[in-house]
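The values are calculated or read from the model by the stated rules, or taken from the named source; none is laboratory data. Source: prediction; values computed, not measured. Glycine also receives a Cβ, built like all others from the backbone with ideal geometry; neighbour counts cover every protein chain displayed.
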Amino acid sequence: MTARCCADVRSDTAAGRVTAADTLTAAIDRAHDVGAGREGLNIFAWRDDDDARRQAATIGDRLADTTPGALLGVPIAVKDNIATRTMPTTCGSRILEGYVSPYEATVVRRLREAGGIVFGKTNMDEFAMGSSTEHSAYGPTRNPIAPDRVPGGSSGGSAAAVASGIVSIALGSETGGSVRQPAAFCGIVGVKPTYGRVSRFGLVAFASSLDQVGVFGQTVDDAARGLAVIAGHDEMDSTSADIAVPDYTAAASTDVKGLVVGLPKEYFPASLDPAIRAKCDAAIAHLKALGATVKEVSLPHTDLAIPVYYIIAPAEASSNLARFDGVRYGLRITGDGLRGMYEATRSGGFGSEVTRRILLGTYVLSAGYYDAYYRKAQQVRTLIANDFRRVFDSGVHVLFTPTAPSTAFPIGAISDPYEMYLSDIFTATANLAGVPAMSIPIGRIGGLPVGGQFLATHFDEARMFNAAYALERALGAEARA
Amino acid sequence: MTTADSKTAGESWEMVVGLEVHVQLKTRTKIFCSCSAEYGAAPNANTCPVCLALPGALPVLNAHAVALATRAVLALNCEVQPVSVFARKNYFYPDLPKGYQISQFDKPLALRGWIEIGTRADHSPIRIGVTRVHMEEDAGKSIHDRFPGVTAVDLNRSGVPLIEIVSEPDIRSAEEAGAYLRVLKQILEYVDVSDLNMEEGSLRVDANVSARRRGDTKLGTKTEVKNVNSFSGVERALEVEFARHVAVLEAGGAIEQQTMLWDGSTVRPARSKEGSHDYRYFPEPDLPPLILDLQWIEKERHDLPELPAARRKRFASEYKLGEYDVEVLTSNPRLADYYESVARAHGEPKAAANWVMGEVMATLKTSDEDITRFRVRPADLAALLGLVRDGVVSHTAAKQIFARMVATGDQPAQIAEREGLVKVDDDSQLSTWLDEVIAEHPSEAERFRSGEKKLQGVLIGAVMKKSKGRADPRKLTQLLTARLTS
Amino acid sequence: MAVTIDDVRHIATLARLGLPDARAASIVAELNTILEHMDELAKVDTTGVEEAIGVGAEGLPVRADKGPPFPLARSLDAFAPSVRDGFLLVPRLSTHESPEEA
């Protein structure tokens, strides 16, 4: 069973055929039926159904609006690193246990202004550092398709909320693949916008030059509608782009005849799982059949993405997480004097992966190592970005690749940190280059979902959605086979 | 000011000083958020998600801070960098909410400036280089003795815009350091970018000092002196710390590079060790590079107000004022503005200078008032000076009128009429008063008549008093001389 | 470049992470494994390549010097661990302790 798609919810709510309360009740019932709670799939870090009902009650007043809100009456799950005013924002960490933000993120405000209902905060890897949602202080989230397996991470809770049919849309966040990879593992759509497309004001920072709020959808259309509402310039975010937001749903009606699809050979290495390769080949065949031109291209610096990412992201994170010191909010543990308080609070509040990354990040920025690590990584990052620019400048409209090197692995299967980092091997390049990317389901292997990824050039989400809509339509039920 | 050789520690050692001056820019709101930057609010009243460093908050740069900073660096003859980059300076302190300060590191707003602080014995100018000026945010305040056992933190000041002005180590004595600070402060007052109030913390000074043998070109190991809260304090602290350096070096020891704290009379080491100051600077990812339009920079340069040196020169040539008068009248730009308005309205610069330096400044000093709020408008003072020049009131009466103007803000001519202070030079009235005074002071009159000319003052003074200052002194003197000449 | 336990203790201090010795020892191994992979970057020729600053951003926007301030739905004492008379309280530093000593 799936949730009703948000286009239908919106039009039925606007026409008075259904109330927001009804839709909300369906979501609450579904959450109960799938065992979304702590003992089950552990999807939500926090739910306040009374609060959600209060939100739903206000929707009735908005039916007289000239233009109904784009997400009128649609319940939406929000990743727990996005600030909300009525529910806590813990980022999956002890250090923010019970912290209720006194302001809300721009993206949350936009959702509510569009008539959306915030249906709970979802579980995540602590401070978005992880690829499996096993690193939460509040327990792992389970993949609704296969509950002994991970949903991917770090936005595993949001992915699971959509994959289990509770909501049709959820917000996540991306730094190295944290929306696309869980979307692939859970068999749903996940979008990372161009860096600067969506405001980061209220998104708890992990790596500032990489972070973006991302959208999960049951379908491409759900994700497109979600992105359309949250995208656009925000004066509270100096990195947000002042560029108009096109109508992404218009891409649904466009066909892909003449679309030039590039296949970067570095994303189809000899070591790629043959079953995943087969699913990709099938998808590519569909694109060709629809009239797209498919050609091999090269992004030669791809295999440097993981080392570059794992220098830049932890470095920025080590600085962004310095504010968690027990002084103004969150956890405070006393120790010997001020320094003792800092150390007890931070060692008591941060989990092992976060600690590891803060140390790594501090190290690569420290005196004597900055040039060899951080500066070098930022230079190689330019080379990675230039790879994309060259390919897109050569007449390629979108790129197609597998989203992840594997399907969802069992909970507890990967304990080596670097092995876990390799889950991002096909996704981190887009964050480094700032280009938009999205994953759509393209099949299953042994019942486990496989994702195919589209990438486009900066601010060309419309073209990316165009290809995704077309492939989704062409695959039909194959996407779940 | 001519340079003085360092008198302490013999002639064999030379003091080398560089100064870092932090100046708060007088914007209405903070540098990265819209909270008020005003001094004196209730603790933590001026805070928001950004300056509290709440999770998810982001900085947005204040345009006026950029404008004021640019004005300041242009006034210091710096090369404005069209592209500058904000950077994070990472360290932990309770009044540094983000755990990093947003500053500028290897790409600051301005480089390679200078100011002239005086002349040497051979009349060559003493020029002190400004290595760089960068923009940054201020931290909050930590108050250690308000409550027992805890430190109280107020983040109102967190995020107020600062510029940091770093001088070259060109300063060679405590006096030069004082001169540098006074000249710097005056220039910044002239371009009106800051309140420059050391008590309120809108101007702060850290000094770097080292010693070397005269003739050496290599710099000695330096120490940093902090916590000085006056310019004279800087001078004293430098002398003390330099003497300490010399004593150590003469005894064959080595100077340890460390931070020293001034307590008003001595320096003592701060307890931190070197090596823990690894700020791990990296470019601020939340702020793209600041790109300044070259035309805009040129317009700011063009629109700079007249700077002190230029103003002094012009006052000397245009108003034919001597060095002392020029110094006093240009010491403060608003005073200079006031003077010019008076001088231009009145037409006699020297008379205007006397009055402004005399009555006006004395009044301001007594009432501890600012010239910008002074009740006597320049046009009105000029009118008063006109009355004096035209002989309508005496100089003494003018002083009384001035006092009334200060008290009431009324026009001088009105006051003169109303209080009967218009000068009397009518012979019969003067003679009447003179006769009365002679009658009241028979012995003095007699002695004056017999030749004790110095008693003239007493007699004239008595008439002035009787006439409430209205008597025309010249006429009066003539009449007195005529009356009491044997 | 190999990381030693002294390096780990030093960076833990810089990051104010109270790291017990046992944990510090295992971190040394973890970091070294990770850093080994980073050495690949040293082989890349980056002569004349600019660092990626402001990926996708278009220059630095500025705001007017005016309020109102961004509102807080709850005041500081609703979420701060320790507040008195409007001040945030932390364990006392001695009067002249510099930031680096905290």
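Out of all the residues in the range A:345-371, which are under 25 Å from B:A87 (Cβ atoms), more than 7 Å from chain C (Cβ to nearest Cβ) and assigned to a helix (DSSP H, G or I)?
If the condition is that a residue be under 25 Å from B:A87 (Cβ atoms), more than 7 Å from chain C (Cβ to nearest Cβ) and assigned to a helix (DSSP H, G or I), then A:V354, A:R357, A:G361, A:V364, A:L365, A:D371 are the ones that fit.
Scan the range A:301-344 for residues that are farther than 24 Å from B:D286 by Cα, more than 9 Å from chain B (Cβ to nearest Cβ) and either of a type in the set (V, I, T) or assigned to a helix (DSSP H, G or I) (or both) and jot them down.
Across the range A:301-344, the qualifying residues are A:T302, A:D303, A:L304, A:I333, A:T334, A:G337, A:G340, A:M341, A:E343, A:A344.
Hey, can you tell me all the residues within the range A:227-239 that are under 21 Å from A:A433 (Cβ atoms) and either assigned to a helix (DSSP H, G or I) or away from every other protein chain (no Cβ under 14 Å) (or both)?
Across the range A:227-239, the qualifying residue is only A:L227.
Go through (1) over 23 Å from B:Q104 (Cβ atoms); (2) touching a Lys or Arg at 6+ places or on another chain (Cβ under 9 Å); (3) modelled with pLDDT of 95 or more and name the single condition B:E300 misses.
Against the list (1) over 23 Å from B:Q104 (Cβ atoms); (2) touching a Lys or Arg at 6+ places or on another chain (Cβ under 9 Å); (3) modelled with pLDDT of 95 or more, B:E300 comes up short only on (1).
Would you be able to say whether some residue in the range A:100-114 is touching an Asp or Glu at 6+ places or on another chain (Cβ under 9 Å), at positive phi and surrounded by 20 or more Cβ atoms within 10 Å (Cβ to Cβ)?
No; the residues of the range A:100-114 include none that is touching an Asp or Glu at 6+ places or on another chain (Cβ under 9 Å), at positive phi and surrounded by 20 or more Cβ atoms within 10 Å (Cβ to Cβ).
Taking A:I445 and the conditions (1) hydrophobic (A, V, I, L, M, F, W, C); (2) over 20 Å from A:A223 (Cβ atoms); (3) at pLDDT 95 or above; (4) crowded, with 20+ Cβ neighbours inside 10 Å, which numbered condition does it fall short on, given that it satisfies the others?
(4)
List pairs: first in the range C:13-35 and on the phi > 0 side of the Ramachandran plot, second modelled with pLDDT of 90 or more and in a helix (DSSP H, G or I), Cβ under 6 Å, 6+ apart or cross-chain?
C:R16/A:Y342; C:R16/A:E343; C:R16/A:R346
Among the residues of the range A:240-258, write down those that are of a type in the set (G, A, S) and part of a loop (DSSP other than H, G, I, E, B).
The answer is A:S240, A:A241, A:A244, A:G258.
Has the range C:56-79 got at least one residue that is of a type outside the set (G, A, S), exposed (fewer than 12 other Cβ atoms within 10 Å of the Cβ) and within 20 Å of the chain's Cα centre (by Cα)?
No, there is no match, as no residue in the range C:56-79 is of a type outside the set (G, A, S), exposed (fewer than 12 other Cβ atoms within 10 Å of the Cβ) and within 20 Å of the chain's Cα centre (by Cα).
Going residue by residue through the range A:148-171, is there one that turns out to be closer than 24 Å to A:A385 by Cα, crowded, with 24+ Cβ neighbours inside 10 Å and of a type in the set (A, V, I, L, M, F, W, C)?
No - not one qualifying residue is present in the range A:148-171.
Restricting to the range B:27-45, what's the tally of residues that are in a loop (DSSP other than H, G, I, E, B) and either at the interface with another protein chain (Cβ under 7 Å from one of its Cβ atoms) or surrounded by fewer than 20 Cβ atoms within 10 Å (Cβ to Cβ) (or both)?
Final tally of qualifying residues: 13.
Can you pull out the residues in the range B:363-396 that are touching a helix residue (DSSP H, G or I) at 6+ places or on another chain (Cβ under 7 Å), part of a helix (DSSP H, G or I) and small (G, A, S)?
Correct list: B:A379, B:A382, B:A383, B:G386.
Can you name every residue in the range C:9-34 that is more than 7 Å from every other protein chain (Cβ to nearest Cβ) and in contact with a Gly (Cβ under 9 Å, 6 or more places away or on another chain)?
C:H10
Any chance you could count how many residues in the range A:416-437 are within 11 Å of chain C (Cβ to nearest Cβ) and assigned to a loop (DSSP other than H, G, I, E, B)?
Result for the range A:416-437: 4.
Condition first: more than 25 Å from A:T2 (Cβ to Cβ), crowded, with 22+ Cβ neighbours inside 10 Å, in contact with a strand residue (DSSP E or B) (Cβ under 7 Å, 6 or more places away or on another chain) and hydroxyl-bearing (S, T, Y). Can you find one or more residues in the range A:204-214 that meet it?
no
Only one of (1) surrounded by fewer than 21 Cβ atoms within 10 Å (Cβ to Cβ); (2) farther than 15 Å from A:A283 by Cα; (3) not charged (D, E, K, R) fails for A:P436. Which number is that?
(1)
Could you list, in sequence order, the residues of the range B:220-248 that are polar (S, T, N, Q) and in a helix (DSSP H, G or I)?
B:S232
Could you check the range A:407-430 and list, in sequence order, the residues that are of a type in the set (G, A, S) and in contact with a strand residue (DSSP E or B) (Cβ under 9 Å, 6 or more places away or on another chain)?
The answer is A:A408, A:A413, A:A430.
Quick one: how many residues across the range A:438-481 are small (G, A, S) and part of a strand (DSSP E or B)?
5
Among the residues of the range A:388-402 satisfying the criterion of being surrounded by 20 or more Cβ atoms within 10 Å (Cβ to Cβ) and closer than 24 Å to C:I53 by Cα, which is nearest to the other protein chains (Cβ to nearest Cβ)?
A:F388
Every residue in the range A:74-99 that is crowded, with 24+ Cβ neighbours inside 10 Å and assigned to a helix (DSSP H, G or I), please.
Hits for the range A:74-99 are A:I95, A:L96.
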